[in-house]
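Everything on this sheet refers to the single structure shown next.
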Amino acid sequence: MNKKALIIVDVQNDFCPGGSLPVPQGNEVVGPLNRMVEYAREHGWLIVASRDWHPAVTNHFETYGGMWPVHCVNNTKGAEFHRDLEVDDATIISKATEPDEDGYSAFDGYSQSGQLLRIFLKSHGVGEVYVGGLATDYCVKATALDAVKYRFRTFLLSDAIHGVDLKEGNSDRAIDEMKQAGVSIITTREVYDGKT
Ligand code: VGL
């Protein structure tokens, strides 16, 4: 279990400026994540990209009792990955595909061949994961916490995340919570410099 994986969380149009649930500066994660993709390729890591993949009617949306505007409905433009995100080599994990699912964590999602993310990673001998993407205080947090729960050594890429911050400070609190749970906070630069 000594393989590593990069997990890119929900870098989709609706979470970027111009989308229906924009994370402020959400698009800015694309640059550092693409550099991580290149690094991951060179070092033989697995690359995973999760996506919110909601049905049109789901109680995740405020129109149906949830807390969010309509976003990332499967097979719509808003659900597509940011056009500049390098996902050619990534295994796509779709989550929140059912009408009664919030599906914040990438670990709630399945690969195209129907494998849960945890099973997919373990079956490839992954013991260590590096998490970045959107949004720090929701899906990134849920994904990193699950990664720890499932006994992966877990790193948060602090310069490759942005948060929603419905309430000021939510992202900082989310990072504290992840730290408490055992997530290591690291910059992409530190990864390139071999600081892990
Ligand atoms: C997310 C809010 C609602 C996320 C998903 O990807 O972090 N945030 N649904």
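Tabulated results
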{"item": "Pair list, Cβ < 9 Å and 6+ apart or interchain, from segment 97-122 residues that are in contact (Cβ under 8 Å) with a residue 24 or more places away in the chain and among the hydroxyl-bearing types (Ser, Thr, Tyr) to residues that are in a loop (DSSP other than H, G, I, E, B) and surrounded by 18 or more Cβ atoms within 10 Å (Cβ to Cβ)", "result": "THR97/TRP53; THR97/GLY103; THR97/GLY109; TYR104/ALA96"}
{"item": "Test: residue in segment 130-151 that is over 16 Å from the mean Cα position of the chain (by Cα), within 15 Å of THR91 (Cα to Cα) and of a type in the set (Ser, Thr, Tyr)", "result": "no"}
{"item": "Any strands (runs of 3 or more DSSP E) falling wholly within segment 40-159 and containing at least 3 residues that are in contact with a Cys (Cβ under 8 Å, 6 or more places away or on another chain) and either within 11 Å of the ligand (Cβ to nearest atom) or of a type in the set (A, V, I, L, M, F, W, C) (or both)", "result": "46-52"}
{"item": "Subset of segment 143-180 (residues that are among the polar types (S, T, N, Q) and surrounded by 15 or more Cβ atoms within 10 Å (Cβ to Cβ))", "result": "THR143, THR154, SER158, ASN170, SER171"}
{"item": "Residue satisfying condition, being buried (at least 21 other Cβ atoms within 10 Å of the Cβ), of a type in the set (A, V, I, L, M) and within 18 Å of GLY26 (Cα to Cα), within set VAL70, VAL140", "result": "VAL140"}
{"item": "Of the criteria (1) touching a helix residue (DSSP H, G or I) at 6+ places or on another chain (Cβ under 7 Å); (2) under 13 Å from ALA90 (Cα atoms); (3) surrounded by 24 or more Cβ atoms within 10 Å (Cβ to Cβ), which one GLN12 fails", "result": "(2)"}
{"item": "Hey, TYR110 out of contact with any Ser or Thr (no Cβ under 9 Å at 6 or more places or on another chain) and surrounded by 15 or more Cβ atoms within 10 Å (Cβ to Cβ) or not", "result": "no"}
{"item": "Segment 21-39 - residue that is assigned to a helix (DSSP H, G or I) and hydrophobic (A, V, I, L, M, F, W, C) and, of those, nearest to the ligand (Cβ to nearest atom)", "result": "VAL29"}
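Coordinate-derived values only; no laboratory data. Owing to the predicted nature of the structure, the values given are computational and were not obtained by experimental measurement. Cβ atoms come from the backbone with ideal geometry, glycine included; neighbour counts cover every protein chain shown.
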